[in-house]
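Engineer: Structure below; questions to follow.
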Amino acid sequence: MEEKEEKNNDKIQALREMIYSAEKTLQGAKSMLLQLEGKKKVGRRKKISDEDAEDGRIIEGTFDGQIMIGTDGKQYPVPANYASKSKLVEGDMLKLTITQDGSFIYKQIGPTERKRLIGVASLDAQGNYFVAAQGQAYKILLASITYFKVEPGDEVTLVTPKNISSDWGSIENVLQKNSGKKQSATVPSFEEEKEEENSDKSSDLMDEWSPDLEELKKELNNNLNTPSQS
């Protein structure tokens, strides 16, 4: 009886989570529909609209890893520094305010669900950085590499979308710096080992022959100093 009640409670909790997720999706769809129809959304976000949109233009869209795809179908550049520091991932909802002087002001309004991976930073043949994690190579913005001072071989934490198949990832932190250069400097090469080995052998051979050479010299001197008998 208790097991049955426990299963029912699990089902109830799962249904609640499904409803909550569906409501969030529905709210986002309504917001985008209102934007497309040119209607103002009634609610609490009017304060920002009054400040930013009084003399400007507001566009919402989705981040694709590099740029924002607006609800108007156009592409808008997202500053790489902002994307890196904000750790944006593909699928994040953004709001762009274009002011009267042409400035672009971005704000993250709908972060997508994320997952974290551990990977190693590397360079491809063209010199572009990527992070290899769980059998996939994820593209990384150069600004993120510069911001975290990442070098090839560094182990990093990568943030990627949870429910979207994406080629892009965002570096969250550096776990371990690559120490390969230090290690290679302390490990002798094969040629160095052979040279050292040959040097040791030559030294041992000279030590072994030194006493015999002295004896030969003495014997030679004795023969020279001893008169020959005819």
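FYI, it's all coordinate maths here, none of it is from the lab. A quick note: this is a predicted structure, and the numbers were derived from the prediction, not measured. Methodologically, a virtual Cβ is constructed for each residue, glycine included, from the backbone with ideal geometry; neighbour enumeration extends over all protein chains shown.
Engineer: With a cut-off of 14 Å, note down the residues of the stretch 141-180 whose backbone N falls inside the zone around a label point 7 Å from the Cα of residue 66 toward its beta carbon.
Structural biologist: 141-143, 167-169
Engineer: Moving on. If we count every other residue with Cβ under 13 angstrom of residue 65's Cβ, Lys/Arg +1 and Asp/Glu -1, where does the sum land?
Structural biologist: Value of the local net charge: -2.
Engineer: Obtain the nm distance between the two label points defined at residue 147 and residue 162 by a simple spin-label model: each point lies 7 Å from its Cα along the Cα-to-C-beta direction.
Structural biologist: Rounded to a tenth, the inter-label distance reads 2.2 nm.
Engineer: What's the extension gain from residue 113 to residue 11 if we count 0.36 nm per residue and subtract their Cα-Cα distance? Present the calculation step by step, with values, prior to reporting the outcome.
Structural biologist: On the way: separation 102, 0.36 × 102 = 36.72 nm, distance 2.23 nm.
Additional length available on full extension: 34.5 nm.
Engineer: Arrange 104, 63 by Cβ neighbour counts within 10 Å, fewest through most, would you? Write out the running numbers ahead of the final one.
Structural biologist: Values: 104 15, 63 26.
Neighbour counts put them in this order, fewest first: 104, 63.
Engineer: Between residue 178 and residue 128, what FRET efficiency comes out of the Förster formula 1/(1 + (r/R0)^6) with R0 = 25 Å and r the beta carbon distance, rounded to 0.05?
Structural biologist: Working: r = 18 Å, r/R0 = 0.71.
E between residue 128 and residue 178, to the nearest 0.05, is 0.90.
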